[in-house]
Amino acid sequence: MDSFVLTLNGKQVEFEPGQTILQVAENNGVHIPTLCYLKGCTPTGACRICLVEVEGARSLVASCSTPAEKGMVIHTESERVHRTRKLTTEFLIASGKHDCITCERSGSCTLQDLAYRYGIDTVRFETTVRPYEKEDVNPFIIRDFTRCILCSRCVQACQEVQVNRAISFGYRGPHAKIIAGGDVPYHESDCVFCGQCLQACPVGALVEKKARFAGREKDVEKVRTTCPYCGVGCQLELQVKDKRIVKVNAVEDAAPNKGRLCVKGRFGYDFIYSEDRLKTPLIRENGEFREASWDEALDLVASRFKTIIEEHGPDAVAGVSCARSINEDSYQMQKLFRGVFKTNNIDHCART
Ligand code: FES
């Protein structure tokens, strides 16, 4: 059987039928810059940053949306490719207010990286800024339309990753804008504030409100952990600065959430720092709570269970397992009630 082989920057490489040029390059350790490409989603070919040269083709092709073919001879870093990527980057910079001084994404911005990579210190085109005010009225996300490059990653994240379909493209030409519903603020639309758009934005157009001025990505420590909210076990990447969480992202490519989060997992971490948070068990005596050690509290619970079961039988007790517990904890809870207490009075509370 004929093998699927093409030439990539002078080297013969194999590929699987159906792979794009970008995928073949990634699999062979060749980095092609991208802006609009969002892994796992339908390529839109909107930004033209990933252009490469294919010998015999009339024009440069978008590697993210062009299928690899047998015998292709591809150049990802030719002079023509560089010249075109530089020009495209200049157009993008000229299409908005891309000042980096206080931008949250400075240091982790794809547009900034491209400008540096292609040595752009002056832009030859007049800047046009989209005529929209910053949206700062919802509790979680700031939308700065003047920094938006209309790459569509947020739209794809909303439509294809989370399948919420709350945002889309609106208007035309210099008035083009990412809109929620019929162009209303996020909180008046179908947006559920999963924040997937935030995670997909490659520039500073979408910013987490709580994270503003709290620490840029380049200054934080990244800590992987499991979401504490429910038993699904979504994988989180905490961005931590000075021992405080600045921001939460989903870990890409990790089960079970594969880069997705819900509103609680992404934004609901303030309780960690609440003054009201219980730090020790409490025992009620004479109508008042007093702090106790874990040993004392557990001994008390065990002795009360024992007394009730001795006096009234095993069906006098019941257990409700927390829906936020992991499966293993819930399993142990039902084992305790069925195996040790000898009752089937065991259930779990509904998820909230
Ligand atoms: Fe391929 Fe944008 S990344 S066109």
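Here, each number is a calculation from the coordinates, and none is a lab measurement. Keep in mind that what you see is a predicted model, and the values were worked out from it rather than measured. Positions of Cβ are backbone-derived with ideal geometry, glycine not excepted, and every protein chain shown enters the neighbour counts.
Bin all alpha-carbon pair distances of segment 104-211 at 10 Å intervals from 0 and give each bin's fraction as a whole percent.
In whole percents, the pair-distance histogram is 14, 46, 31, 9, 0.
Suppose the Debye formula is applied to equal point scatterers at every Cα of the chain; what is log10 I(q)/I(0) at q = 0.08, 0.12 Å⁻¹?
-0.56, -0.98
Assuming 0.36 nm per residue, please report the length gained on full extension of the stretch ILE101 to GLN12 beyond their Cα-Cα distance.
27.6 nm is the gain from fully extending ILE101 to GLN12.
If you wrap a convex hull around the Cα atoms of segment 313-352, how much volume per residue is inside, in Å³?
48
If you average the alpha carbon positions of segment 163-179 and of segment 1-43, how far apart do those two centres end up, in angstrom?
Here the answer is 30 Å between Cα centres.
Suppose each label sits 7 Å from its Cα in the direction of the beta carbon; what would the LYS39-ALA176 distance come out to in nanometres?
2.6
Given only helices, namely DSSP H runs of n ≥ 4 each adding -39500 (n - 2.57), what is the per-residue ellipticity at 222 nm of the chain, to the nearest 500 deg cm²/dmol?
-6000 deg cm²/dmol
Just subtract the alpha-carbon distance of ILE120 and ALA297 from 0.36 nm times their residue separation and send over the number in nm, one decimal.
Result for the pair: 57.2 nm of gain on full extension.
Please compare each pair in LYS11/LYS70; LYS86/LYS134; LYS210/LYS243; LYS39/LYS97; LYS134/LYS241; LYS11/LYS258 to a cut-off of 22 Å on the Cα-Cα distance and tell me which ones are over it.
Too far apart for the 22 Å limit: LYS86/LYS134; LYS39/LYS97; LYS134/LYS241; LYS11/LYS258.
Rounded, prolate or oblate: which one fits segment 1-123, using the alpha carbon gyration tensor with axes a ≥ b ≥ c (rounded when a/c is under 1.5, else prolate when a/b beats b/c, else oblate)?
In terms of gyration-tensor shape, prolate.
Over all pairs of distinct alpha carbons, what does the Kirkwood formula give as the hydrodynamic radius of segment 1-56, in Å?
Final number for the Kirkwood radius of segment 1-56 is 12.5 Å.
Setting aside same-chain residues fewer than 8 positions from LYS306, which lysines have a Cα under 20 Å from its Cα?
LYS335, LYS342
Under a plain spin-label model, where a point goes 7 Å from the Cα along Cα-to-Cβ, how far apart in nm are THR127 and LYS210?
The answer from the label model is 3.2 nm.
Can you tell me how much longer the chain between SER78 and GLU275 gets when fully stretched, taken as 0.36 nm per residue apart minus their C-alpha distance, in nm with one decimal?
Fully extending the segment from SER78 to GLU275 adds 65.1 nm.
Amide H neighbours of LEU8 under 5 Å, at least 5 residues apart or on other chains, H built in the peptide plane: list them.
Answer set, sorted by chain and number: VAL13, ILE74.
Mind checking the log10 I(q)/I(0) for segment 152-281 at q = 0.20 Å⁻¹? Debye, one equal scatterer per Cα, no solvent, two decimals.
At q = 0.20 Å⁻¹ the computed log10 ratios are -1.23.
Taking the inverse of the average 1/r across all pairs of different Cα atoms in segment 250-352, what Kirkwood radius in Å do you get?
17.0
Along the charge dipole of the chain, Cβ charges K/R +1 and D/E -1, which of ALA214, ASN327, GLY339 sits furthest on the positive end?
The Cα lying farthest towards the positive end belongs to ALA214.
Sorted by packing (mean other beta-carbon atoms within 10 Å per residue), highest first, where do 201-207, 3-9, 41-47 land?
Descending packing order for the listed peptides: 201-207, 41-47, 3-9.
Where in segment 292-306 does the amide nitrogen come within less than 18 Å of the point 7 Å from the Cα of LYS342, taken along Cα to Cβ?
Output list for this probe position: 303-306.
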